[in-house]
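Colleague: My structure is below; once you've seen it, I'll send some questions.
Since every read-out is calculated from the coordinates, none of them should be taken as a lab result. All values derive from a computational prediction rather than experimental measurement. All Cβ positions, even for glycine, are placed from backbone atoms using ideal geometry, and neighbour counts span all protein chains on display.
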Amino acid sequence: MSTLVVNKPFDITAIRRDFPILSIEVNGKPLVYFDNAATTQKPQQVIDALVDYYTTYNSNVHRGVHHLSQVATDAYEGARLKIAQLMNAPSASEIIFTRGTTESINLIAFSFGEAFVNEGDEIIISAIEHHSNIVPWQLLCQRKKAVLKVIPVLDNGVLDLEAYSKLFSKKTKLVAVAHISNALGTINPIANMIHTAHEHKVPVLIDGAQGLPHGSVDVQALGCDFYCFSGHKMYGPTGIGGFYGRLELLDQMPPYQGGGEMIKDVSFARTTFNDVPYKFEAGTPNIADAIGLAAAVDYLEGIGWEAIEKQEHALLLYATEQLIKEGGITIIGTAPDKASLISFLIDGVHPLDAGTIIDHFGIAIRTGNHCAQPLMDRFCITGTMRASFSFYNTFEEIDSMMTAIRKVKQMFL
């Protein structure tokens, strides 16, 4: 059985035992998993929650009067409440389940766009966004003949906030910006950015795919109007996530999809839609993975956000120090406020070649443009190597990565 750490002194050995995959070997070497920004590994507690649902109370939720349906409904809606409490949402009804951040942004872009965006209106995004927070807004602008404006990024990977403040006009309808850059690790000053937008009476969407996994998020303190997240990046299952949305806006937004559950009454003449959140959750939801996500939240809160942030920051500082000391390496994105993620290049070596060699050492890093191609164009590169750290990683694993990097340099330079 796995061991849940409940607000005890940080015990990396016990924590790593909770993640079965961390004990495997890759290419005959112990797995070193530094691709946590893409997806995190799952503790046994999450795996057990999925198995428990499918083996003891598998049933569709809502509307069923039989025992299994009621148990499943309680667990599913309990997961919604847990996410609301995690984000300090005023009401669980303001948490909408989706497949993840990408679907959340697409839902809001369509539904908010239908309600509030007209020809000539403007949407503001930033130059460091993931494609999932670019393309949906491009599609909205094409559909509505609206205008997309982009906040520039400075050479160190920090957004140009002076330029940001000048992008607003009477036609600005929404700001959509990442909490943390998936490609650079830059932590954006979203509280200040939200305040600036609200001074212009403009709502703000936060892409929190990289934000929620690394620390506590208080949507009321931030004042954001939407906050999107993905379960698989916070130690939960794939295919589940969602967003917080301010009820005043959600009530005015039309449904994204039609079907069961999102209706109150249907006839061939007309349909009356259900209340929020169900208005946006057509069809059978991802019940099992919502329950698994709740188990992941329990696990994270058992360790404690302060301990998680402390461990990940220590790993970031150590890895940065080792890369700089090694020499012949260029770090892309040197913002003073960063999450536990480093994008870098070995000078003179293509990142794909380097990543392939590093994989032979059992070390998983990500190479490429990280679904942030406009950002790579801004820095005049095709891509980077990205090492992203979790609280279950160790300093010794970083040392292993450095050994692999030295091997790459020996082979190519």
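Colleague: What is the residue count in region 208-222 for residues that are part of a helix (DSSP H, G or I) and either at positive phi or under 8 Å from the mean Cα position of the chain (by Cα) (or both)? Outline the logic, then answer.
Modeller: Quick first cut of region 208-222, residues part of a helix (DSSP H, G or I) only: 212-214, 219-222.
Of the ones still in play, those that are also either at positive phi or under 8 Å from the mean Cα position of the chain (by Cα) (or both) are 212-213.
The total comes to 2.
Colleague: While we're on this one: For residues that are charged (D, E, K, R) and outside any helix (DSSP H, G or I), scanning just region 321-378, find the one that is surrounded by the most Cβ atoms within 10 Å (Cβ to Cβ). Steps first, please.
Modeller: Of the residues in region 321-378, the ones charged (D, E, K, R) are 321, 325-326, 337-338, 347, 353, 359, 366, 377-378.
Of the ones still in play, those that are also outside any helix (DSSP H, G or I) are 337-338, 347, 366.
Numbers: D337: 11, K338: 20, D347: 11, R366: 22.
Filtering region 321-378 for residues that are charged (D, E, K, R) and outside any helix (DSSP H, G or I), the one surrounded by the most Cβ atoms within 10 Å (Cβ to Cβ) comes out as R366.
Colleague: Just the residues that are part of a strand (DSSP E or B) and closer than 18 Å to H370 by Cα, please, taken from region 108-158.
Modeller: As a first pass, look at region 108-158 and keep what is part of a strand (DSSP E or B): 122-126, 147-151, 153.
The answer is I125, S126, V153.
Colleague: Inspect region 258-266 for any residue being surrounded by 16 or more Cβ atoms within 10 Å (Cβ to Cβ), touching a residue at least 60 places away in the same chain (Cβ under 8 Å), under 30 Å from F389 (Cα atoms) and of a type in the set (D, E) and give the result as yes or no. Outline the logic, then answer.
Modeller: First pass over region 258-266, keeping only residues surrounded by 16 or more Cβ atoms within 10 Å (Cβ to Cβ): 261-263.
Those left that are additionally touching a residue at least 60 places away in the same chain (Cβ under 8 Å): 261.
In the following step, the residues that additionally are under 30 Å from F389 (Cα atoms) were identified as none.
Scanning region 258-266, I find no residue that is surrounded by 16 or more Cβ atoms within 10 Å (Cβ to Cβ), touching a residue at least 60 places away in the same chain (Cβ under 8 Å), under 30 Å from F389 (Cα atoms) and of a type in the set (D, E), so the answer is no.
Colleague: Enumerate the pairs (first residue in region 279-297 and in contact (Cβ under 8 Å) with a residue 12 or more places away in the chain; second residue anywhere and assigned to a loop (DSSP other than H, G, I, E, B) and hydroxyl-bearing (S, T, Y)) with beta-carbon separation below 6 Å, excluding pairs fewer than 6 apart on the same chain, so at least 6 apart or on different chains.
Modeller: Going by the 6 Å Cβ cut-off, the qualifying pairs are F280/Y256; A296/Y235.
Colleague: Please specify each residue of region 68-83 satisfying the condition of being in contact with a helix residue (DSSP H, G or I) (Cβ under 6 Å, 6 or more places away or on another chain), in contact (Cβ under 8 Å) with a residue 60 or more places away in the chain, aliphatic (A, V, I, L, M) and under 19 Å from V217 (Cα atoms).
Modeller: Listed by number, the list holds a single entry, A79.
Colleague: Take the residues of region 192-207 that are touching a strand residue (DSSP E or B) at 6+ places or on another chain (Cβ under 7 Å) and not in a strand (DSSP E or B): which is surrounded by the fewest Cβ atoms within 10 Å (Cβ to Cβ)?
Modeller: Keep residues of region 192-207 that are touching a strand residue (DSSP E or B) at 6+ places or on another chain (Cβ under 7 Å), which gives 193-194, 197, 200, 202-207.
Filter once more, so that each one left must be not in a strand (DSSP E or B): 193-194, 197, 200, 202-203.
On the way: M193: 23, I194: 20, A197: 23, H200: 14, V202: 19, P203: 22.
The selected residue is H200.
Colleague: Can you spot a residue in region 384-398 that is free of Cβ contacts under 8 Å to residues at least 24 places away in the same chain and farther than 26 Å from K310 by Cα? Outline the logic, then answer.
Modeller: Going residue by residue through region 384-398, those that are free of Cβ contacts under 8 Å to residues at least 24 places away in the same chain are 396.
Among the residues that remain, those that are also farther than 26 Å from K310 by Cα are: none.
Looking for residues that are free of Cβ contacts under 8 Å to residues at least 24 places away in the same chain and farther than 26 Å from K310 by Cα, one finds none in region 384-398, hence no.
Colleague: Right, here's the next one. Go through region 54-73 residue by residue and tally those that are exposed (fewer than 14 other Cβ atoms within 10 Å of the Cβ) and either among the aromatic types (F, W, Y) or within 26 Å of the chain's Cα centre (by Cα) (or both).
Modeller: Here the count works out to 1.
Colleague: Just wondering, is there one or more residues in region 46-53 that are under 25 Å from P237 (Cα atoms), crowded, with 16+ Cβ neighbours inside 10 Å and among the acidic types (D, E)?
Modeller: Within region 46-53, the first condition is being under 25 Å from P237 (Cα atoms), and the residues that meet it are 46-53.
In the following step, the residues that additionally are crowded, with 16+ Cβ neighbours inside 10 Å were identified as 46-47, 49-50, 52-53.
Narrowing further to those that are among the acidic types (D, E): 52.
Scanning region 46-53, I find at least one residue that is under 25 Å from P237 (Cα atoms), crowded, with 16+ Cβ neighbours inside 10 Å and among the acidic types (D, E), so the answer is yes.
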